[in-house]
Amino acid sequence: MTEITATCPLDAKITHSAGLMSGMLEMYDPARIAVAWTGGKDSTVVLALLREVMKAKGLETPLALSIDTGVKFSEVMAFRDRLALEWGVEVKVIRPDVDIKLYPVAEDPVTCCADLKIKPLQKAIEDFEIDLLLTGIRRDEHPSRAGRKYLEVRNDPDHTLLNPILEWTEMDIWSFTTMHRIPHCELYDQGYRSLGCKPCTALAGSGSEREGRSAGKEKNLELLTSLGYF
């Protein structure tokens, strides 16, 4: 198989990503595979690809796990619900076990992400018996993701991450989205380039894609990954 890098044509990346998904469907019970779907552009592309791969194999529409921290953009959550209905995707909405009205949101980004995202995700993986979780992370998003692998074995609970679009670029995502008429959240049309929780997301400038994300979280992204984040 030809080595895939960020400079490869998009068609080659699509074939590679779909091939990874197809191979995993032979190794894992499809009922125990899920997409970590944020409602953002990247994980929506992963969901769209997996949906087509599964359809080609005569399999049901994939399961999606979606974390609703209680402080997400309402536009993102509404987009997720609309598209799930349109595509017939079963979405397990995961919520943290905290009173969000009393919780000190974003005061400590590591603790906040752990409580609102990581712990609920870990519980959901265990509760829904997920063996393989697909993510929409990309190497070029953040320095801490440059060395990530396509397959990553994790514990607490035991499961494997598949990161099928690691070599894709932001331009690849939008090219694929446009080419295949994949719906996207309207916030991207307003200038957002990376969507997280509302208190930690601002409009991006002309710099890096994640420029609008919380600096406190961004500098601790490697630590958060070690704790169970994507």
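Which residues, taken from the range 134-149, are closer than 16 Å to S226 by Cα and either part of a loop (DSSP other than H, G, I, E, B) or out of contact with any helix residue (DSSP H, G or I) (no Cβ under 7 Å at 6 or more places or on another chain) (or both)?
T135, I137, H142, P143, A146, G147, R148, K149
Out of the range 101-133, which residues are under 23 Å from K72 (Cβ atoms) and part of a loop (DSSP other than H, G, I, E, B)?
K101, L102, Y103, P104, V105, A106, E107, D108, F128, I130
Being of a type in the set (A, V, I, L, M) and more than 18 Å from the chain's Cα centre (by Cα) is the filter; apply it to the range 74-100 and report the residue that is nearest to P183 (Cα to Cα).
Filtering first and then ranking leaves L85.
Kindly indicate whether R181 is open to solvent by less than 20 Å² (accessible area, probe 1.4 Å) and among the charged types (D, E, K, R).
No.
So which of V35, V91, V98, V53 ends up being part of a helix (DSSP H, G or I), touching a helix residue (DSSP H, G or I) at 6+ places or on another chain (Cβ under 9 Å) and of a type in the set (V, I, T)?
V53
Which residue is most open to solvent (accessible area, probe 1.4 Å), if the candidates are limited to the range 73-88 and must be aromatic (F, W, Y) and part of a helix (DSSP H, G or I)?
Result: W87.
Within the set of pairs 6 or more residues apart or between chains, which connect a residue that is open to solvent by 60 Å² or more (accessible area, probe 1.4 Å) inside the range 93-113 to a residue that is at pLDDT 95 or above with Cβ atoms less than 6 Å apart?
R95/D68
Name the residues in the range 170-186 that are in contact (Cβ under 8 Å) with a residue 60 or more places away in the chain, within 12 Å of V45 (Cα to Cα) and not hydrophobic (A, V, I, L, M, F, W, C), would you?
D172, S175, T177, H180, P183, H184
Give just the number: which of (1) part of a loop (DSSP other than H, G, I, E, B); (2) more than 28 Å from D131 (Cβ to Cβ) does D189 not satisfy?
Unmet for D189, out of (1) part of a loop (DSSP other than H, G, I, E, B); (2) more than 28 Å from D131 (Cβ to Cβ): (1).
Take the residues of the range 153-169 that are of a type in the set (D, E, K, R) and either assigned to a helix (DSSP H, G or I) or more than 13 Å from D131 (Cβ to Cβ) (or both): which is most open to solvent (accessible area, probe 1.4 Å)?
D156
Assess whether L224 counts as being assigned to a strand (DSSP E or B) and either surrounded by 14 or more Cβ atoms within 10 Å (Cβ to Cβ) or in contact with an Asp or Glu (Cβ under 9 Å, 6 or more places away or on another chain) (or both).
no
Quick check on my filter: what residues within the range 32-72 are open to solvent by less than 30 Å² (accessible area, probe 1.4 Å) and hydroxyl-bearing (S, T, Y)?
Answer for the range 32-72, where residues must be open to solvent by less than 30 Å² (accessible area, probe 1.4 Å) and hydroxyl-bearing (S, T, Y): S43, T44, S66, T69.
Within the range 7-48, which residues are closer than 19 Å to T178 by Cα and of a type in the set (A, V, I, L, M)?
Within the range 7-48, L10, A12, I14, A18, V45, V46, L47, A48 qualify.
Quickly run through the range 114-131 and pick out the residues that are surrounded by 18 or more Cβ atoms within 10 Å (Cβ to Cβ) and touching a His at 6+ places or on another chain (Cβ under 8 Å).
Passing the criteria: I125, I130.
The values are calculated or read from the model by the stated rules, or taken from the named source; none is laboratory data. Treat the numbers as computed from the prediction; the structure is a model and nothing was measured. Please note: Cβ atoms are built from the backbone with ideal geometry, for glycine as well, and neighbour counts cover all protein chains shown. Surface areas here come from the heavy atoms of the whole protein model, side chains and all, with no ligands, DNA or RNA. Shrake-Rupley method; radii C 1.70, N 1.55, O 1.52, S 1.80 Å.
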